[in-house]
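One structure is given here, and the rest of the page talks about it.
A short reminder: the numbers here are calculations on the coordinates, not readings from a lab. Given the structure is predicted, the values throughout are model-derived calculations rather than measurements. Positions of Cβ are backbone-derived with ideal geometry, glycine not excepted, and every protein chain shown enters the neighbour counts.
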Amino acid sequence: MKTRATRWSALAVTISLALAACGGSDSADAPASEPAADAPMLSGTLIGAGSSAQKAAMQAWQAGFQNANPDVTVEYDPIGSGGGREQFLAGGTTFAGSDAYLKDEEWTSSMDRCAGDMGAINLPMYISPIAVAYNLPGVDELRLSTAVLAGIFAGTVTSWTDAAIAADNPGVTLPDLPINPVHRSDESGTSKNFTEYLSAVEPDIWTYGKLEIWPEVGGEGAQGTSGVVAAIAAGEGSIGYADASQIGSLGSAVVQVGDNWTAYSPEAAAKSVDASNRIEGRSDYDFGFSLNRTTTEAGVYPITLVSYHIVCLQYETQAEVDLVKAFEHFVASAEGQTMAAEFAGSAPLSAELQAQIADAIDQISVAG
């Protein structure tokens with residue numbers, strides 16, 4: 001009988017191979033949890049697309065789920081949140097990954113996309129800090145006040161020797177370089193979360209609102225999370241925003257929260273969700289969150305991303321229902337959340353939220 005440590009070691013090898021394959025879904029021989037005795041024997045292909053921030057976590061979930069269900073293939077294309085929602089609503093995928101919950105008009109569209117008349121629901125599966133990553137050799141810690149951070153991305157703070165940056169970083173020698181702010185060039189839920197934060201904390205500096213498509217304010221655009229990270233790494237003086245699990249060896253700024261300075265961490269991101277409320281006017285089983293970006297509570301990291309799996313409450317066939325329910329239960333489970341934490345650095349869902357999501361998943365059925 002294999003120990004838990006052996007199982008995790010084997011799964012780590014599998015996921016490393018998947019990462020090296022740039023998103024392949026092969027699961028090799030990594031063991032994972034056995035299906036319940038009364039669970040349906042699953043087979044077929046489950047297709048999803050969307051959030052690139054979820055990429056590392058998704059590879060862990062694919063590997064673990066497929067090892068427990070060897071006749072199932074889970075495919076996921078990390079094309080970005082906007083593209084994922086678009087494909088899902090067009091019927092091209094069974095589920096979407098998205099760093100933004102369905103907009104009101106998208107939720108209305110889901111009534112036509114999904115079977116029955118209950119539409120789609122947002123299930124938060126991945127909670128992660130958005131790091132403000134930078135490339136400044138020799139600068140091991142960088143503090144950025146809300147005004148400076150908003151000014152950098154609004155194009156009003158343009159040099160690393162700006163007096164406002166120096167005031168945030170006494171005793172730090174900053175390079176005499178122009179600032180190159182890097183942003184997503186594609187429609188992105190990460191952009192929406194980041195600009196929502198900027199507009200909440202500094203609305204007089206960041207005047208563009210919350211946007212999934214970056215406005216025309218200069219800087220360098222890059223496709224996907226990996227593109228942003230690569231662009232920052234390629235140029236000294238660059239700074240950008242990306243899911244913290246994917247910034248590698250880049251530096252990450254410590255941000256101002258009230259009178260405190262807070263570095264990102266999964267725990268600090270999870271506290272941000274605890275201080276927030278669900279959106280209103282949707283299904284009882286919908287868990288879209290309106291995050292509190294202006295908190296001043298110590299230990300809370302407000303530049304946090306809640307990434308969702310968007311699924312229908314009703315599908316046309318029992319086969320679809322069985323695949324979706326089994327996969328989503330696995331992702332939301334303690335084991336699935338631990339996998340994501342281990343391999344993507346995300347914050348596991350609280351036990352209370354796990355139970356609520358499990359109840360929502362149980363409601364998925366065949367349209368009658």
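Miscellaneous remarks
- Sequence ranges 335-343, 246-254, ranked by mean other-Cβ count within 10 angstrom, highest first: 335-343, 246-254
- The range 42-77 and the range 213-239: distance between their alpha carbon centers, rounded to Å: 28
- Under the combined filter of DSSP loop state and at most 11 neighbouring Cβ atoms within 10 Å, the range 159-220 retains these GluC sites (Glu not before Pro): 216.
- The range 79-201 - Debye-derived log10 I(q)/I(0), Cα point model, q = 0.09, 0.20 Å⁻¹: -0.39, -1.09
- Degrees between helix 351-362 axis and first principal axis of the chain (Cα, 0 to 90, nearest 10): 50
- The Cβ shell under 14 Å around residue 89 holds other residues with a net charge of -3, Lys and Arg each +1, Asp and Glu each -1.
- Counting all C-alpha pairs of the chain, share separated by more than 35 Å (%): 24
- Kirkwood-type radius of the range 130-270, with distances r between different C-alpha atoms, in Å: 14.9
- For the range 130-270, share of DSSP beta bridges that run antiparallel, in % to the nearest 5: 60
- Each other residue within a Cβ distance under 14 Å of residue 366 adds +1 if Lys or Arg and -1 if Asp or Glu, for a net charge of -4.
- Lysine pairs with alpha-carbon atoms under 25 Å apart, the chain, spacing 8 or more or separate chains: 12
- The angle between the Cα long axis of helix 334-344 and the longest principal axis of the Cα atoms of the chain comes to about 40 degrees, rounded to the nearest 10.
- Using the average count of surrounding beta-carbon atoms within 10 Å as a protection proxy, the listed peptides 89-97, 356-364 rank, highest first, as 89-97, 356-364.
- Other residues whose C-beta falls under 9 angstrom from the C-beta of residue 54 contribute a net charge of -1, scoring Lys and Arg +1 and Asp and Glu -1.
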